[in-house]
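The values are calculated or read from the model by the stated rules, or taken from the named source; none is laboratory data. Computed from a predicted model, the values in this text were never measured in an experiment. So basically every Cβ, Gly included, is an ideal-geometry build from the backbone, and we count neighbours across all protein chains shown.
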Amino acid sequence: MLDVLRAAAETDEALAAWLKSLDGVGEPVAEVVLPDADELPDVLLDLAVPHEDINALVGLRARVLGDPDARWLLARCVALLLRDLGEPGREVRLPVLPAGLGELGSCFHVFVFVAALPEVRDYHRRHGVPDDVSRRTLADLGRHMAVHRRRHGGRGVPVPGWHAWHFRGELYQLGRLQFQRAVLGERMAAAVAGAGGEAGGGDLCLSVHIPDFLGPMSDAACERSVEMAREFFPRHFPRERYDVVVCHSWLLDPQLKRYLPGAANIVRFQERFRLADTYAGEGPDDRLPVGFVFGDRDLPVAGLPRRTRVERAVGDHLRGGGHWYEGHGWFPL
């Protein structure tokens, strides 16, 4: 396994840097343990892993534990993930592994998260996080495995690094939305200060994310999530102060208002935020909305379906020569 990684790293600087960082982790202080083959299916189902993936993952467990390279990699990925557990703003890189590893590579991070699961659940318990919030938060792993199947037709985790926030106690599913304990960047700090706020760069904030496969993001559902966040974080993280909610998403691109009525859920969501410098110094990212709306970032623009208002908005704008940008916004909590 490591031979494949090192060969790929010869032409991939990011992968090479990641492998070097793993060497710097040192010898893990505790042995990494995976549930046995009889227990693993229940653990995976609790993480909402699709049923059709369970048998293959149970089979892969033996390959991971039986390969010294895979065990070495697993131990260091888990140690890296759990280092400074719960501290907001600590970047943990878990890259997509080379295609040459097959399903061992595409599914490897499932075992990283399963091995880290007892620690993060214990962290949740220490902070009094309700079991249902913990379960729904960590079930985002299975949701993204469903996204991977929709996009690629097979099993795997599409963006492993995304789940680091969940399995480090930084991100929580509260109703329709997810809220991440994060650190305010300079751009948003300037926007808040420009509106008379007191938050500065490096201060804590909540970063909101909109998960897929959870039905419409209705105004009522979003409002309920915000109210849950107002109660959740002071209760479970009383030593931390969260005054500002931020969002970085193509859903905040103001151009969407040209195509959607004022009562549309996306427009109502945008109107919660004070937008800041959507087009300042950043290029477009047309593949992002195509991926989220149509399930595959690489679909040809000319053939994008027009079944819904959002599909027509995204596709017609691109076919007309326009581009989409990541929007940035904030509101006081």
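What number of residues within region 164-218 are over 21 Å from LEU117 (Cβ atoms) and among the charged types (D, E, K, R)?
6
Scan region 66-100 for residues that are part of a helix (DSSP H, G or I) and crowded, with 18+ Cβ neighbours inside 10 Å and report the count. Reasoning before the result, please.
Step one: of region 66-100, the residues part of a helix (DSSP H, G or I) are 66, 68-82, 99-100.
Now narrow it down to the ones that are crowded, with 18+ Cβ neighbours inside 10 Å: 70, 73-82.
Of the residues in region 66-100, 11 are part of a helix (DSSP H, G or I) and crowded, with 18+ Cβ neighbours inside 10 Å.
Considering only residues that are over 24 Å from the mean Cα position of the chain (by Cα) and not hydrophobic (A, V, I, L, M, F, W, C), which ones fall in region 21-47?
Hits for region 21-47 are ASP23, GLY24, GLY26, GLU27, PRO28, GLU31, PRO35, ASP36, ASP38, GLU39.
Does VAL92 satisfy being at pLDDT 95 or above and under 23 Å from ARG143 (Cα atoms)?
Values: at pLDDT 95 or above: no; under 23 Å from ARG143 (Cα atoms): yes.
Here the answer is no, as VAL92 does not meet what is asked.
Do you know which of the residues in region 115-157 that are in a loop (DSSP other than H, G, I, E, B) and within 16 Å of the chain's Cα centre (by Cα) is surrounded by the most Cβ atoms within 10 Å (Cβ to Cβ)?
Going through the qualifying residues, I end up with VAL157.
Tally the residues that are of a type in the set (A, V, I, L, M) and in a loop (DSSP other than H, G, I, E, B), restricting the search to region 16-65.
10
Quick test for you: out of ALA263, ALA276, ALA302, pick the one residue that is surrounded by 19 or more Cβ atoms within 10 Å (Cβ to Cβ) and either out of contact with any Asp or Glu (no Cβ under 9 Å at 6 or more places or on another chain) or assigned by TED's automatic domain parsing to the domain that holds GLN178 (or both).
ALA276
Could you tell me how many of the residues in region 280-333 are touching a strand residue (DSSP E or B) at 6+ places or on another chain (Cβ under 7 Å) and either within 16 Å of TRP250 (Cβ to Cβ) or at pLDDT 90 or above (or both)?
Within region 280-333, residues that are touching a strand residue (DSSP E or B) at 6+ places or on another chain (Cβ under 7 Å) and either within 16 Å of TRP250 (Cβ to Cβ) or at pLDDT 90 or above (or both) number 7.
Would you confirm whether any residue within region 171-182 is crowded, with 23+ Cβ neighbours inside 10 Å, in contact (Cβ under 8 Å) with a residue 60 or more places away in the chain and over 20 Å from HIS328 (Cα atoms)?
The answer is yes, given that some residue of region 171-182 is crowded, with 23+ Cβ neighbours inside 10 Å, in contact (Cβ under 8 Å) with a residue 60 or more places away in the chain and over 20 Å from HIS328 (Cα atoms).
Taking region 259-273 only, how many residues are in contact (Cβ under 8 Å) with a residue 12 or more places away in the chain and not in a loop (DSSP other than H, G, I, E, B)?
5
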